[in-house]
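Here's the structure we're looking at; comments come further down.
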Amino acid sequence: MANEFPQALTIAGSDSDGSAGMQADLHTFFRRKVYGASVLTACVAGNSYGIHDAVNLPTSFIDTEFKALADDYQIRASKTGMLSDSELIHTVVKNYKQYDFGPLVVDPVITTKHGNVLLEQSAYQTLRDELIPLATVITPNFFEAQKLAEMDIDGRDDMVTAAKKLVSLGAKNVVVKGPQRQENQTTSVDYILLEDGEGFFLEEPYHDTSRVNGTGDSLSACIAAELAKGNDVKSAIKIAKSFVNTAIENEIMVGHKFGPINHWAPKD
C-alpha cells in the first residue's frame, strides 16, 4: 500500500561538500531508516575551508516543490534548516500552514557554532515572529539560544531560564545546547524543556575535534526522523543526542579542515 513507509522532509539549502545542510539531513534520515524528501531553498558552494558562494532559489519554485510533495507523498515530520532571508521564511511558513507535513522541528540557523552571524536582523525578526511559533521542537545552538532568549547563558540555571523564554515565543518543546570548546571540557550538556513542563539535562562525553560540520543539522534531522516513525518527542530527542555524539566521537577523515561528522558510526 502506498506511503506506508515513514517519510520525513528537510526544508533547507544544499551544501555542496555534503557536510551540512540538506545533505546532512538526508544522511541522517537514511541512517534512521526513514525515507527523506526535500524542499530545496538555496544552494551553497563550499568545502571544509568555508563557504565561497550561495544563491537562493525562486520562491515560486519552492511553492511548486511543496505542492509536488503534497500531491504524492505522506510526510510525517518536517524540519527546517538555514533560511537566509525574510522572503524564504515567509514562503516556508505559508506552505507549511497550507499542507499537512507533520510536526515541525526548527533548527534556527542564526549563528554558527563559533558565534558567526548568518542571518540578517530583518530575517531574524521574521524567524522569531512567524516560524518559531510553528515549532514542535526548536534546537538552537548555544549562541542562538542566547540571542533568541535575549540573555547571556552562564551555567545550568541560565539554560533553564532560556528554555522557558523560548517556550514563550511559541515553541512547544525546546532543546538548549550548552557551550562547546571550553577549557578542560569533559561533557556536552543540553537542557530539554517539554510541552508538559518536564525539564531535564542530557549529558554525553565531549569530544574535542574539528570534525563537527553538520552537528546541528543532524540533531534536528534525527529528531524529525524519529517523530516520523511515531516516537514521542522525549524519546526522539534522547535518540538524537546519542546519535550525534557517536557520530562526532568516531571521526571520518573527509576534507582538510573542518570536516563532517560520521553518520555511519551510530548503530541502529
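The values are calculated or read from the model by the stated rules, or taken from the named source; none is laboratory data. This structure is a prediction, so every number in the text was calculated from the model and none was measured. All Cβ positions, even for glycine, are placed from backbone atoms using ideal geometry, and neighbour counts span all protein chains on display.
How many of the residues in the stretch 5-40 are in a helix (DSSP H, G or I), within 22 Å of Asn95 (Cβ to Cβ) and aromatic (Phe, Trp, Tyr)?
1
With respect to the numbered conditions (1) surrounded by fewer than 22 Cβ atoms within 10 Å (Cβ to Cβ); (2) touching a residue at least 60 places away in the same chain (Cβ under 8 Å); (3) not in a helix (DSSP H, G or I), which one is the sole condition not fulfilled by Leu69?
It is condition (3) that Leu69 fails.
Can you spot a residue in the stretch 258-265 that is free of Cβ contacts under 8 Å to residues at least 60 places away in the same chain, buried (at least 16 other Cβ atoms within 10 Å of the Cβ), in contact with a helix residue (DSSP H, G or I) (Cβ under 6 Å, 6 or more places away or on another chain) and not in a loop (DSSP other than H, G, I, E, B)?
no
Give the stretch 28-63 a look and list any residue that's in contact with a strand residue (DSSP E or B) (Cβ under 7 Å, 6 or more places away or on another chain) and of a type in the set (S, T, N, Q), or say none.
First pass over the stretch 28-63, keeping only residues in contact with a strand residue (DSSP E or B) (Cβ under 7 Å, 6 or more places away or on another chain): 29-30, 34-46, 51-57, 62.
Matches in the stretch 28-63: Ser38, Thr41, Asn56.
Would it be correct to say that Ala2 is of a type in the set (Gly, Ala, Ser), at pLDDT below 95 and either closer than 26 Å to Lys97 by Cβ or not in a strand (DSSP E or B) (or both)?
It is true that Ala2 is of a type in the set (Gly, Ala, Ser), at pLDDT below 95 and either closer than 26 Å to Lys97 by Cβ or not in a strand (DSSP E or B) (or both).
Here is a list of conditions, (1) closer than 22 Å to Met82 by Cβ; (2) at pLDDT 95 or above; (3) over 19 Å from the mean Cα position of the chain (by Cα); (4) not aliphatic (A, V, I, L, M), and Arg181 meets all of them except one; can you say which number that is?
With respect to (1) closer than 22 Å to Met82 by Cβ; (2) at pLDDT 95 or above; (3) over 19 Å from the mean Cα position of the chain (by Cα); (4) not aliphatic (A, V, I, L, M), Arg181 is out only on (2).
Taking the options Ala123, Ala163, name whichever one is within 22 Å of Asp63 (Cα to Cα) and under 18 Å from the mean Cα position of the chain (by Cα).
Result of the check over Ala123, Ala163: Ala123.
Between Gly199, Gly230, Gly255, Gly214, which is more than 18 Å from Gly81 (Cα to Cα), modelled with pLDDT under 95 and either small (Gly, Ala, Ser) or under 17 Å from the mean Cα position of the chain (by Cα) (or both)?
Every option except Gly255 fails the conditions.
Do we have Val137 as modelled with pLDDT of 95 or more, in contact with a strand residue (DSSP E or B) (Cβ under 8 Å, 6 or more places away or on another chain), under 21 Å from Ile237 (Cα atoms) and surrounded by fewer than 18 Cβ atoms within 10 Å (Cβ to Cβ) here?
It is false that Val137 is modelled with pLDDT of 95 or more, in contact with a strand residue (DSSP E or B) (Cβ under 8 Å, 6 or more places away or on another chain), under 21 Å from Ile237 (Cα atoms) and surrounded by fewer than 18 Cβ atoms within 10 Å (Cβ to Cβ).
Is it fair to say Ala54 is over 18 Å from the mean Cα position of the chain (by Cα), surrounded by fewer than 24 Cβ atoms within 10 Å (Cβ to Cβ) and in a helix (DSSP H, G or I)?
Against the criterion (over 18 Å from the mean Cα position of the chain (by Cα), surrounded by fewer than 24 Cβ atoms within 10 Å (Cβ to Cβ) and in a helix (DSSP H, G or I)), Ala54 does not qualify.
Restricting the first residue to the stretch 3-17 and requiring it to be crowded, with 24+ Cβ neighbours inside 10 Å, which pairs with a second residue that is of a type in the set (Ser, Thr, Tyr) and not in a strand (DSSP E or B) meet a Cβ separation below 8 Å and a spacing of at least six or different chains?
Ile11/Tyr96; Gly13/Ser84
Would you point out the residue of the stretch 77-101, among those that are farther than 24 Å from Pro6 by Cβ and small (Gly, Ala, Ser), that is modelled with the highest pLDDT?
Ser86
With respect to Ala247, is the statement that it is assigned to a helix (DSSP H, G or I), under 13 Å from the mean Cα position of the chain (by Cα) and either of a type in the set (Lys, Arg) or closer than 22 Å to Ser14 by Cβ (or both) true?
no
From the list Val174, Val189, exactly one residue is touching a residue at least 24 places away in the same chain (Cβ under 8 Å), within 22 Å of Ala123 (Cβ to Cβ), touching a strand residue (DSSP E or B) at 6+ places or on another chain (Cβ under 6 Å) and not acidic (Asp, Glu). Which is it?
Val174
Considering every residue within the stretch 210-224, establish whether at least one is out of contact with any Asp or Glu (no Cβ under 7 Å at 6 or more places or on another chain), buried (at least 24 other Cβ atoms within 10 Å of the Cβ) and of a type in the set (Ser, Thr, Tyr).
Within the stretch 210-224, one or more residues are out of contact with any Asp or Glu (no Cβ under 7 Å at 6 or more places or on another chain), buried (at least 24 other Cβ atoms within 10 Å of the Cβ) and of a type in the set (Ser, Thr, Tyr).
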